[in-house]
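Take a look at the structure set out below.
The values are calculated or read from the model by the stated rules, or taken from the named source; none is laboratory data. These numbers come from a predicted model, not from an experiment. Note: ideal-geometry Cβ built from the backbone for every residue, glycine included; neighbour counts use all protein chains shown.
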Amino acid sequence: MNLHNAGSTECLLDYHGNGDAEDVLRWALDKFHPRIAIACSLQHAVLVAMAVKIRPDVRVFSIDTGRLPEETYECARDIEQRYGIRIEWHFPRREEVERIMRAGGPFSFRESLEARRECCAIRKVEPLKRALPGLDAWITGIRRDQTTTRSSADKVEIDRGHGGIIKVNPLADWSHEQIRTYAEENAAPYNKLFEKGYTSIGCASCTRAIEPGQDPRAGRWWWEQPEHKECGLHVANWQI
Ligand code: SF4
């Protein structure tokens, strides 16, 4: 199915946008499976837990940047065992990782915003660009309360930054507390770094625990300004 332009608009027109998370997920899976997949950041398995009730064979993919915390790989293992699925992994291009490591060393991303964005572009954004072309839609766990750049996210939108495919954000209006409650009530795996003061989890070298009262995203790229705290996966106009 070609969802670019007119096709995408039709999809949006038959979605009646006020559904709760499970309604949105059911609509998306009914309409697009198997050409739809959950992009799992391995912070928690709430979306996977919901989706397997609708489609036990739901597709889940993740990006291994090469710098993930041990707890994130453990979360991936727990999700696979709990739901009997295999995560579809995507990886950065070896040549590009070698190039930035040789040129700038292992922590070049701390030296400037440009260097950090280059690292995220190579390790995250480019692998995502290779993960999406076989899909008509992708499902993310982004929430409006996470960053200023996500505050206007719709539950179903056209992702113009990725060729106009459909992007489904069932948890857009959820809070961190709702995530925690759902995970507990449904015995859904979650990243154990949450028990160590982390509130948002990415690469090990760019994520740390926060102090009580700090913004939940304060532990991500803590040396940068809040408006820059995006890796590029959810920013439409980033290019590589
Ligand atoms: S989060 Fe840090 S280590 Fe990971 S891709 Fe971005 S800059 Fe590189």
*Out of I165, I201, which single residue is within 16 Å of the ligand (Cβ to nearest atom), surrounded by 13 or more Cβ atoms within 10 Å (Cβ to Cβ) and within 27 Å of Y83 (Cβ to Cβ)?*
I201
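Quick one: in segment 51-75, of everything that is within 16 Å of the ligand (Cβ to nearest atom) and of a type in the set (G, A, S), which residue is farthest from P106 (Cα to Cα)? Full working, then the answer.
Start the filter on segment 51-75 by keeping residues that are within 16 Å of the ligand (Cβ to nearest atom), which leaves 62-73.
Checking the rest, the ones that are also of a type in the set (G, A, S) come to 62, 66.
On the way: S62: 23, G66: 12 Å.
My answer is S62.
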*Identify, please: which residue in segment 100-120 is surrounded by 13 or more Cβ atoms within 10 Å (Cβ to Cβ) and basic (K, R) and is, among those, nearest to W222 (Cα to Cα)?*
R110
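Quick one: in segment 123-146, of everything that is among the small types (G, A, S) and in a loop (DSSP other than H, G, I, E, B), which residue is surrounded by the fewest Cβ atoms within 10 Å (Cβ to Cβ)? If you could, list the steps in order and put the result at the bottom.
Applying the first criterion (among the small types (G, A, S)) to segment 123-146 yields 131, 134, 137, 141.
When the remaining residues are screened for being in a loop (DSSP other than H, G, I, E, B), the result is 134, 141.
Details: G134: 10, G141: 21.
It comes out as G134.
Here are D136, D78, D145: which of them is at pLDDT below 95 and away from the ligand (no atom under 16 Å from the Cβ)? Let's see the steps before the verdict.
Values: D136 fails: at pLDDT below 95; D78 fails: at pLDDT below 95.
Being at pLDDT below 95 and away from the ligand (no atom under 16 Å from the Cβ) holds for just one of D136, D78, D145, which is D145.
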*Here are some residues: A183, A172. Which one is assigned to a helix (DSSP H, G or I), modelled with pLDDT of 90 or more and of a type in the set (G, A, S)?*
A183
*Scanning segment 71-82 for residues that are without any contact (Cβ under 8 Å) to a residue 60 or more places away in the chain and surrounded by fewer than 18 Cβ atoms within 10 Å (Cβ to Cβ), which turns out nearest to the chain's Cα centre (by Cα)?*
Y73
